Amino acid sequence: MKNIFYNKQYLDSGDFSEVLNSMKQKLITTGPYIDKLEKSIQRKLDVKYALTCSSGTSAIFLALKSIDLKKNDVIIMPAINFIASANAATILGAKIYLADIDYESGQMTPSTLNKCIQNNKLKKIKAVVTMYLGGRPNNAIEFYKIKKRYKFKLIEDSCHALGARYHHNKKDYMVGCSKHCDISTFSLHPVKSITAGEGGIITTNNLSIFKRLKILRSHGMDRSNNVKNKYWNYDILLPSLNFRLSDINAALAYSQLKKLDKFIKNRNESAHLYCEKLRELNNYITTTTLEKKITSACHLMVILINFKKLKIDKDKLIKLLINKKIYCQYHYIPIYKFSIYKHLKNKEKFINSEKFYHNALSLPLYYDMSQKILLTIVSEIKKILTKYGK
């Protein structure tokens, strides 16, 4: 059996053709494909402004810079999250507070956010970063209500959730429409909903934020005062670096975006099949509930394992699966466990984050996963749990 990785990209002849065409253009950076991709994203997500950048991490960093997050500004984010948000906020000098999560979803909730605010007696909050772990846009409307109450900037880390939808007042909203937040950020890494190889997207409906993002993306440079006989002239308005995406990368994402709905449909079908087949192991495993009012992007297939009923821990289970050429993953090590962020533990016990960290496992899930491979994974998990059950 070949190696089964937890996630991977899918490329077809249309992708190859679009990338080749981009390389035939006069400009292969800041060229026509950047404009084509950004306009396609705007239409797809029903958002006013979309901006490409070099990675999902760049998207988060630029989002924080665009709201002028600076030294000692208060920012809140979930304790279970990829490290990019914490690193970006730290580089900008902000004061980070972590909120615990809901054990079942692995996401910060309105309740845990409010608890973080109250426990730390926070009054002036600059920003809150939500994170749709696994691709489920939970509580978008509820977070927006809290944002209006405290008047902070709300940034959706939607790196897992391109193609996801949520429902409110008889209407469907695409994640990234930015109607219930200030900014949404996405990753175009190979394992995400679509890929550019590497890349990121930022969306917003706020014109002033968009203008600032556009300047920050390219060295803080402004060419708006150029005249025809001085095309080389420019001004620097803000200190920044190069976060641009090349047209070659943009061409791949532009082609992939056309397949987004198909990708999400297949991922959801695989996730539902996992849930169905793992149900017979419910003495050991809990699967994520797929809610009716939410369409998940199904970036991850996270299961929760009751290791108290097993003679092995998660690390041992992962090693046993690797022996069968099945590669699972952690999503994620809590931020406060890293050496640089141990001080963020503070008064919080992060009970659910600890439990999630010890019990959650991401199984392989990708667009062209066959039913045969999925059933093989389930079968191997069943054998291991049966063998090591107490």
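The values are calculated or read from the model by the stated rules, or taken from the named source; none is laboratory data. Quantities reported herein were computed from a predicted structural model and do not represent experimental measurements. Please note: Cβ atoms are built from the backbone with ideal geometry, for glycine as well, and neighbour counts cover all protein chains shown. Ligands, DNA and RNA are excluded from the accessible area calculation, which covers all protein heavy atoms including side chains. Shrake-Rupley method; radii C 1.70, N 1.55, O 1.52, S 1.80 Å.
Where only DSSP H runs of four or more residues are counted, the chain gives -11500 deg cm²/dmol as its mean residue ellipticity at 222 nm, each run worth -39500 (n - 2.57). Any lysines with Cα under 16 Å of the LYS192 Cα? List them, leaving off those in the same chain fewer than 8 positions away. By straight Cα distance, LYS192 reaches LYS8, LYS258, LYS259, LYS262, LYS265. Based on the Kirkwood radius over alpha-carbon pairs, what is the Stokes-Einstein translational diffusion coefficient of the chain at 20 °C with 1.002 mPa s viscosity, in µm²/s? Translational diffusion coefficient: 98 µm²/s. Karplus-based coupling profile of region 47-54, in residue order and whole Hz: 10, 6, 9, 9, 10, 8, 7, 7, with θ = phi - 60° in 6.51 cos²θ - 1.76 cosθ + 1.60 and x standing for Gly or Pro. Across all Cα atoms of region 118-244, the radius of gyration (one decimal) and Dmax (whole number) stand at 17.6, 60 Å. When the Cα positions of SER85, ILE236, ASN266 are compared along the charge dipole of the chain, SER85 comes out farthest toward the positive end, with charges on each C-beta of Lys, Arg, Asp and Glu.
Its residue count N fixes a reference of 2.2 N^0.38 Å for region 1-156, and the Cα radius of gyration divided by that reference is 1.26. Expressed as a whole percent, the accessible surface of the chain that belongs to carbon and sulfur atoms is 51, based on a 1.4 Å probe.
Straight-line cross-link reach from LYS211 at under 12 Å between alpha-carbon atoms covers these aspartates and glutamates, not counting any fewer than eight positions away in the same chain: ASP222.
Given R0 = 41 Å, the distance between the Cβ atoms of ILE91 and LYS262 translates into a calculated FRET efficiency of 0.60. For region 1-69, the direction-averaged projected area of the alpha-carbon convex hull comes to 7.6 nm². Seen from a random direction on average, the alpha-carbon convex hull of region 293-335 projects onto 4.9 square nanometres. With the convex hull drawn over the C-alpha atoms of region 295-390, the volume per residue is 138 Å³. 3J(HN,Hα) along region 21-26: 4, 5, 6, 8, 6, 5 Hz, from the Karplus curve 6.51 cos²θ - 1.76 cosθ + 1.60 with θ = phi - 60°, whole Hz, x for Gly and Pro. Residues whose amide H comes within less than 5 Å of that of GLN329, counting only those at least five positions distant or on another chain, are SER362 (H built at 1.01 Å from N in the peptide plane). Between SER40 and ARG279, the contour length at 0.36 nm per residue exceeds the alpha carbon distance by 82.1 nm. Using C-alpha pairs below 8 Å separated by at least 6 residues, the relative contact order for region 53-107 is 38 percent.
Backbone amide hydrogens, once placed in the peptide plane, bring GLY163 within less than 5 Å of VAL175, excluding anything fewer than 5 places away on its chain. Take the chain with all the other protein chains still there, run a 1.4 Å probe, and you get 47 Å² of accessible area per residue. Against the chain, whose longest principal axis is taken from its Cα atoms, helix 371-388 shows a tilt of about 50°.
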